[in-house]
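A.B. asks: Questions regarding the structure given below will be posed in turn.
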Amino acid sequence: MSVRLLGIRPDEVIWNSLRMKWWELIMRRTGIMALVLAAIVFWSIPAAFVGLVSNVDSLVRLVPFLKWIKLLPKLITGFIQGFLPALALSLLMAAVPFMLRVCGRASGLPSMHQVELFTQNAYFAFQVVQVFLITTLTSAASGAITEIVKNPLGAKDLLAKSLPSASDFYLSYILIQCVLSGCKDVLQIWPFLRHVVLAKITDNPRSRYKAWRELTTPGWGGIFPVYSNMGVIALSYSCISPLVLIFAAFGLWFIQIVWKYKLIYIMDSTHDSKGLFYPQALLHLIVGLYLAEICMIGLFALNSSFPPVVLMLIFLLFTMLVHMSISDAIAPLLVSLPQTMKIEEDIQIEEKQKADAAVAAAEEASEAPTGAANSYYDETQTFGEATIESEEEEEEEEEGGEEHVVTGTRAMEGASSVRSTAMEWFKGSTKKKIRDEFESPFFKHWLGKIGINIGPENADKPSFFQRFLHPEEYEDFIALRKLIPADSLPNMVYAENHKYCNYTPPDMWMPKPSLWIPRDDARVSRQEVAHTRTYTHISDRGAELDKDGRVIVYFEQAPCDEARLLM
């Protein structure tokens, strides 16, 4: 069976990959994976050097001719030790996503979003190995290598003391990645240079038109791994050096604000990834738990604390089981959605109508006259006779029936089922108790005075407590789908024969590209238009040459197709 892709747009297809045979795909992907693994190994050399530079004192002891660094002022020495290695590591890793995208295309991946997903996974492996593992080990070892050489028997004690101090490097790294890159994104230095300098240098009117009209597109495969690795670093050092959590929380909060601004006003996404980058990034965070537990096992083992080592091994096994169960539960939903989602909205509307009808019937019943006289003349009143008869029938059935046995319970099949059933009951009962307490009249009265509504009423803008206590009401598929501004998106206009030619190579059905040349006073462009229009569409509208020979472009008169710009 050959691979098939569903729901992919024609402009996302990598047409060169479709010509490859199955054996060529296997060879290419095997070779690319070997190349990526080799790159991860050899990329460790410059990353290890960055880790050595982060500890100037030990570097001077190892390399005597660098003693002149100690003669510099403390401000410069602190800059070299704290800021420069983190900046160098950021620049070193910035070139990796471009190479990984080339590798993804060369491996025969058929779509753009699959190339980005490949880049995300491979770049995350780069980040964890180079930024975290190699830098941590070299930074910790460089601070204790001279003492280890003098006293080899005390190596474990020295490493146990120097490993937590390696977290100082990541405080600078998080600040540089979040604050410095966030400020760079807000200032928009590169777009400013592109619009002001490069757009005026180029003589191609089409390039200048695109520079002004097209929005930049984010390459999520090179963006998510950077922040996923920050989460891994924060989780790994959460027990060893909790100060990293504060820096990571502040940095990620700042970068969240920056990216909200960028996605609304600066960037536009042209390829549909089906939302696969975010859950993949969340699953990458579990690597931080593994590394945190492994680090704790190593520290306890270096300090000869064997009971905590056994406890951490149990936690590590438990984390692996949870990771496997989460992956098994999420994996089917990442590829395809349940068919019931098509009728889920109709089911909700029907259930809401039934609930409204039941409430209306209850209100009518409560408004009916009550009292002793009314109950006496009620024709349906049985005065307890029907209840007594039903109880007698139940007692007779119990006496004549068989012994009670446990049926239909999966909890008796094994201890794991018993544990899962007990845990589900405990979580459900705890959540119900918390919800009942919060929805009690006492809490509603006092929370209502401060403007917090926690009831399950259908509010246009539910509060945090409403979303937390009633996820079935405000965070289901239908509620989240209503948040998508579908009316603001442009309507797609398709050609008449789009279903016959869209999924064939564009060279076979795309119209000829149109030529755009600048108009000049000598009317040379008019002559060229007259000669060429018979064979190829050409125009000189919207661009002209000034007296100095520079191209002036008028975007409103451009003969190009309107770029995708949402206002």
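Every number in this text was worked out from the coordinates using simple rules, so none of it is lab data. These numbers were taken from a predicted model, which means no experiment stands behind them. When we count neighbours, we look across all protein chains shown, and the Cβ atoms used for this are built from the backbone with ideal geometry, even at glycine.
A.B. asks: Roughly how many nanometres apart are two label points built 7 Å out from the Cα toward the Cβ at ILE314 and TYR535?
C.D. replies: 8.2 nm
A.B. asks: A follow-up question, please. Once label points are set 7 Å from the Cα along Cα→Cβ at both ILE45 and ARG4, what is their separation, rounded to one decimal in nm?
C.D. replies: Reported label-point gap for ILE45 and ARG4 is 4.9 nm.
A.B. asks: Once fully extended, how much extra length lies between TYR290 and GLU473, figured as 0.36 nm per residue of separation less the alpha-carbon to alpha-carbon distance? Could the numbers behind the result be given before it?
C.D. replies: Values: separation 183, 0.36 × 183 = 65.88 nm, distance 3.47 nm.
Taking 0.36 nm per residue and subtracting the Cα distance, the gain is 62.4 nm.
A.B. asks: Residue by residue, what Karplus-based ³J(HN,Hα) values in Hz, rounded to whole numbers, does the range 269-278 have, using 6.51, -1.76 and 1.60 with θ = phi - 60° and x for Gly and Pro?
C.D. replies: 9, 9, 10, 8, 9, 6, x, 8, 6, 5
A.B. asks: How much length would be gained if the chain were fully extended between ASP548 and GLN256, taking 0.36 nm per residue of separation minus their Cα-Cα distance, in nm to one decimal?
C.D. replies: Gain in length upon complete extension: 100.5 nm.
A.B. asks: Under 10 °C and 1.306 mPa s, how fast does the range 245-311 diffuse according to Stokes-Einstein, given a Kirkwood radius computed over C-alpha pairs? Answer in µm²/s, whole number.
C.D. replies: 102 µm²/s
A.B. asks: Sequence-distant or interchain residues sharing an amide H contact under 5 Å with ARG519, placed H: which?
C.D. replies: Close amide H contacts, sequence-distant or interchain: ALA543, GLU544, LEU545.
A.B. asks: THR216's amide H: which non-local residues (gap 5+, or another chain) put their own amide H closer than 5 Å, with H modeled 1.01 Å from N in plane and none for Pro or chain starts?
C.D. replies: Result for THR216 returns ASP268.
A.B. asks: While we're looking at this one, here's another question. Given the pairs LYS21/LYS512; LYS74/LYS184; LYS200/LYS512; LYS200/LYS547, which are separated by over 20 angstrom at their Cα positions?
C.D. replies: On the way: LYS21/LYS512 30 Å; LYS74/LYS184 27 Å; LYS200/LYS512 28 Å; LYS200/LYS547 15 Å.
Those over the limit are LYS21/LYS512; LYS74/LYS184; LYS200/LYS512.
A.B. asks: A further question follows. 5 Å is the cut-off here: which amide hydrogens, built 1.01 Å from N in the peptide plane, fall below it relative to SER111, excluding neighbours closer than 5 in sequence?
C.D. replies: So SER111 has HN proximity to ILE14.
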